[in-house]
Amino acid sequence: HEQQKVKITFVKSNGDRIEATGKVGDSILDIVVNNEIDLDGYGACEGTLTCSTCHLIFPQKVYDMLPDKPTDEELDMLDLAYDLTDTSRLGCQIIMTKDLDGLEVRVPSTITDARD
Ligand code: FES
């Protein structure tokens, strides 16, 4: 059976838009990796919640409908992210659903690795 495709657009701080396609069940980190998207340092810890380089900023209404609320571990890691907002999440923790098809997320201007 064919897996459902979902689209996502990454908007960089300089206004560049990068469109990518993934499947339902992929994390946003999976999509960045699978599409070989060039976001400097993104996903350095490969989704093990130890880096915060996968920080993304969601539109408020999307943030509110995300099925999984952030865990304490994610919140601790987000605290270390640069440019933190009220609608920030870590991309490695967000699993794409059909409802998230067409998602647009902002990439913060600075990607920091909490392990540095
Ligand atoms: Fe490191 Fe998400 S990839 S915390």
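Structure notes:
- Taking amide H as placed 1.01 Å from N in the peptide plane, LYS23 has its amide H under 5 Å from the amide H of VAL6, each at least 5 places away in sequence or on another chain.
- Per residue accessible area in Å² of the chain, where ligands, DNA and RNA are left out and the probe is 1.4 Å: 56 Å²
- Mean-position separation - Cα centroids, the range 1-54 and the range 63-90, in angstrom: 16 Å
- Given their separation in residues at 0.36 nm each and the Cα-Cα distance between them, ILE18 and ILE95 gain 25.9 nm when the chain is fully extended.
- Taken one residue at a time, the phi angles of the range 55-63 give Karplus couplings (6.51, -1.76, 1.60, θ = phi - 60°) of 4, 9, 10, 9, x, 3, 6, 6, 3 Hz. Gly and Pro are set to x.
- Counting protein heavy atoms only, the chain has 44 percent of its accessible area on carbon and sulfur, 1.4 angstrom probe.
- Scoring 33-43, 90-100 by mean Cβ neighbours within 10 Å over their residues and listing the highest first yields 90-100, 33-43.
- The chain: relative contact order as a whole-number percent, Cα under 8 Å and 6+ apart: 39 percent
- Checking the cross-link pairs LYS23/LYS98; LYS5/LYS98; LYS61/LYS98 against a 20 Å limit on the alpha carbon distance flags no pair as lying beyond it.
- Relative intensity, log₁₀ I(q)/I(0), of the chain from a Debye sum that treats every alpha carbon as a point, q = 0.11 Å⁻¹: -0.30
- With θ taken as phi - 60° and the Karplus curve 6.51 cos²θ - 1.76 cosθ + 1.60 applied, the whole-hertz 3J(HN,Hα) list for the range 35-47 is 8, 6, 6, 8, 10, 3, x, 4, x, 4, 9, 6, x Hz, x standing for glycine and proline.
The values are calculated or read from the model by the stated rules, or taken from the named source; none is laboratory data. Everything numeric here is computed off the predicted structure, so don't read it as measured data. Cβ coordinates were reconstructed from backbone atoms using ideal geometry, including for glycine residues, and neighbour counts include every protein chain displayed. Surface accessibility is based on the protein's heavy atoms, side chains included, excluding ligands, DNA and RNA. Shrake-Rupley method; radii C 1.70, N 1.55, O 1.52, S 1.80 Å.
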